[in-house]
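This report concerns only the one structure given below.
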Amino acid sequence: MFILSAEEVKWAEEIWQKLDGKLQVVTKRSCDKFPFWSENGLHDDMKDENINCWTNGFWSGINWLMYVGTGKEAYKKTALEGEKLLDKALSRPEMISHDVGFIWMLAARPDWRLTGNHQSWQRLKVAASYLMGRFNPEGGYVRAWDWGKDNMEKVGWTIIDTMMNLPLLYWASEDCGDPRYKFVAMKHTDMVMRDHIRPDGSVYHIVVHDPFTGEAVEKRGLQGYAAESSWSRGQSWAIYGFTLGYLHTGEQEYLATAKKVAHYFIAAVCEDWLPKSDFRSPKEPVYFDSSAGLCAACGMLELAKIVPEYEKRLYVHAAMKLLMNIEKNFADWSTDTDFIIGNSSGWYSKEQNVNIIYADYFFTEAVYKLKNFEPLFW
Ligand code: GLY
């Protein structure tokens with residue numbers, strides 16, 4: 001349970017009603033889509049363009065949250081439709097990357113949890129097996145991407161984002177009773193603590209490893225401003241990822257790391273609680289990334305549940321400041337548009353002030369948590 005002020009409780013209730021009001025309309029309009037971006041306010045559809053896109057679980061995820069929170073069948077129907085259509089993605093292994101966790105933990109995990117649908121279990125198991133297949137035992141890491149010549153150019157690359165895919169491996173160990181999946185998730189997490197987390201709590205987006213020895217040979221940036229800068233969404237993947245790692249393992253080092261990366265985020269954002277796309281970029285132009293703040297808020301709300309009593313308020317306060325300020329400045333509640341939260345960033349260099357589905361997803365997940373509905377994912 002969270003300790004919320006009366007004002008925060010009222011805010012969460014009002015926003016939940018607004019989410020339901022808008023999403024009833026949008027779910028009808030986008031019932032057969034896999035939205036990633038909203039252009040001119042309306043959802044695009046990745047179904048034909050890239051059925052394996054890493055974002056293809058978020059729309060089902062939003063609909064599962066709304067179904068459980070409201071009991072309205074239209075949400076469930078859309079979520080189930082998305083889960084089924086994604087079988088096309090599972091049947092294309094050459095297109096599958098580390099992002100299987102983002103996709104199937106959101107699309108299939110709730111169906112398995114709520115209905116016991118065996119097909120959902122199969123989807124999760126196949127996806128977890130793909131993720132296991134990306135493990136480099138000598139390097140102790142899960143490979144991220146397959147881009148480049150013969151798919152082998154990135155064979156030694158690890159990225160901070162993978163932390164959010166590991167819950168699929170924890171699920172496989174917990175649900176199937178086989179500890180190997182958890183071993184792999186923990187090996188990877190230990191590598192991230194060693195190679196991606198800087199002493200000040202900021203994170204490297206990419207680390208290049210020698211695939212034969214596992215040695216970290218280069219630190220790189222890609223979606224942030226520069227290699228040594230501080231990509232804010234990468235920071236939020238670390239906050240939520242390490243918190244989930246602790247929840248699944250009870251490893252104190254993971255909890256300490258979650259707190260360290262969260263403290264860095266709070267210090268970097270607390271001037272106005274509107275996260276910049278990169279915390280160490282030039283002052284101008286100002287680029288925001290709502291998605292970073294909303295994912296960080298979800299991680300901090302989970303952190304608040306775990307830490308001792310007198311630490312809880314720090315994380316709840318920070319999460320609420322992020323949620324309320326982002327909503328106040330960047331929300332669009334009109335039912336003529338499909339997106340809810342604007343002003344996100346895909347890549348610092350090329351995708352700014354965009355409306356992306358995972359900002360809406362993490363916003364919905366955060367408000368769902370504030371309402372204390374039953375856990376569904378991760
Ligand atoms: N996982 C890709 C991103 O954060 O943009």
Taking amide H positions as placed 1.01 Å from N in the peptide plane, with prolines and chain starts having none, which residues 5 or more places from L42, or on another chain, fall under 5 Å of its amide H? D338
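If I compute solvent accessible area with a 1.4 Å probe over the protein chains, what percent of it on segment 148-225 is carbon and sulfur?
Values: 1690 of 3250 Å².
For segment 148-225, the apolar C and S fraction of the accessible surface comes to 52 percent.
Quick one: order M1, M95, M164 from most to least accessible surface, probe 1.4 Å.
Listed by decreasing accessible area, they come as M1, M95, M164.
Treating the beta-carbon of each Lys and Arg as +1 and of each Asp and Glu as -1, no other charges, what is the dipole magnitude of segment 66-214 about its Cα centre, to the nearest 20 debye? Display every interim value, and only then the final one.
Numbers: 19 positive and 19 negative charges, 78 e Å.
Charge dipole of segment 66-214: 380 debye, to the nearest 20.
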Is the shape of segment 39-140 best called rounded, prolate or oblate, per the rule: a/c under 1.5 gives rounded, else a/b larger than b/c gives prolate, else oblate, with a ≥ b ≥ c the square roots of the Cα gyration tensor eigenvalues? oblate
Nearest-10 value in Å² for the accessible area of M193, using the 1.4 Å probe: 40
What are the ³J(HN,Hα) values, in whole Hz, obtained from phi via the Karplus relation 6.51 cos²θ - 1.76 cosθ + 1.60 with θ = phi - 60°, for each residue of segment 48-57 in sequence order, with x given for Gly and Pro? 8, 5, 7, 5, 8, 4, 4, 8, 6, x
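What FRET efficiency, computed as 1/(1 + (r/R0)^6) with R0 = 30 Å and r the Cβ-Cβ distance, is obtained for M95 and R313, rounded to the nearest 0.05?
Details: r = 44 Å, r/R0 = 1.48.
For R0 = 30 Å, the calculated efficiency reads 0.10.
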Once all protein chains are kept in place, K84 shows an accessible area at probe 1.4 Å, nearest 10 Å², of 120
Calculated from backbone phi, Karplus (6.51, -1.76, 1.60) coupling profile of segment 120-134 in Hz, x at Gly/Pro: 5, 4, 4, 4, 5, 5, 5, 4, 5, 5, 4, 5, 4, x, 9
H209's amide H: which non-local residues (gap 5+, or another chain) put their own amide H closer than 5 Å, with H modeled 1.01 Å from N in plane and none for Pro or chain starts? G156, W157, T158, V217
Counting Lys and Arg as +1 and Asp and Glu as -1, each charge on the Cβ, what is the dipole of segment 288-378 about the Cα centre in debye, to the nearest 20? 360
Full-stretch length increase - K283, E73 - with 0.36 nm per residue and alpha-carbon distance subtracted: 70.9 nm
Which of rounded, prolate, oblate describes segment 159-199, given a ≥ b ≥ c as roots of the alpha-carbon gyration tensor eigenvalues and a/c under 1.5 marking rounded, otherwise prolate only if a/b is larger than b/c? prolate
Accessible area per residue in Å² at 1.4 Å probe, computed on the chain: 39
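Under the rule of -39500 (n - 2.57) per DSSP H run of 4 or more residues, summed and divided by the residues of the chain, what mean residue ellipticity at 222 nm is obtained, to the nearest 500 deg cm²/dmol?
Details: 15 runs with 203 residues, N = 378.
After summing the helix terms and dividing by residue count, I get -17000 deg cm²/dmol.
Rounded to the nearest 0.05, what FRET efficiency do D332 and F212 have when you use their Cβ-Cβ distance and R0 = 41 Å?
Working: r = 50 Å, r/R0 = 1.22.
The computed FRET efficiency comes out at 0.25.
Whenever you get a sec, line up C31, C53 from highest to lowest accessible area (probe 1.4 Å, protein heavy atoms).
Working: C31 65, C53 10 Å².
So the residues, ranked largest to smallest area, are C31, C53.
Keeping all protein chains in place and using 1.4 angstrom, which order do H205, H118 fall into by accessible surface area, from largest down?
Details: H205 10, H118 105 Å².
Final ranking, largest accessible area leading: H118, H205.
Sort the chain into rounded, prolate or oblate with this rule: let a ≥ b ≥ c be the square roots of the eigenvalues of the Cα gyration tensor; rounded if a/c is under 1.5, and if a/c is not under 1.5, prolate when a/b is larger than b/c, oblate otherwise.
On the way: a/c = 1.33, a/b = 1.12, b/c = 1.18.
Rounded shape, in that the Cα axes give a/c under 1.5.
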Give a residue-ordered list of calculated ³J(HN,Hα) values for segment 148-153 (Karplus: 6.51 cos²θ - 1.76 cosθ + 1.60, θ = phi - 60°; whole Hz; x for Gly, Pro). x, 4, 6, 6, 10, 5
List every residue whose amide H lies under 5 Å from the amide H of L86, counting only residues 5 or more places away in sequence or on a different chain, with H placed 1.01 Å from N in the peptide plane. none
E251: accessible area at probe 1.4 Å, nearest 10 Å²? 70
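Let's see if you can work this out: charge +1 on each Lys and Arg Cβ, -1 on each Asp and Glu Cβ, no other charges. What is the dipole magnitude of segment 69-138 about its Cα centre, in debye to the nearest 20? Don't skip to the answer; put the middle values down first.
On the way: 11 positive and 8 negative charges, 46 e Å.
Computed about the Cα centre, the dipole is about 220 debye.
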Of the accessible area of segment 24-131, computed with a 1.4 Å probe and all protein chains kept, carbon and sulfur make up a percent value of 51
Furthest towards positive pole of dipole, P199, H188, M163, structure part segment 142-202, Cβ charges: P199
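The values are calculated or read from the model by the stated rules, or taken from the named source; none is laboratory data. Keep in mind it's a predicted model, so treat the numbers as computed, not measured. Note that we place each Cβ from the backbone using ideal geometry, even for glycine, and neighbour counts take in every protein chain shown. These area figures cover heavy atoms from the full protein model, side chains too; ligands, DNA and RNA do not enter into them. Shrake-Rupley method; radii C 1.70, N 1.55, O 1.52, S 1.80 Å.
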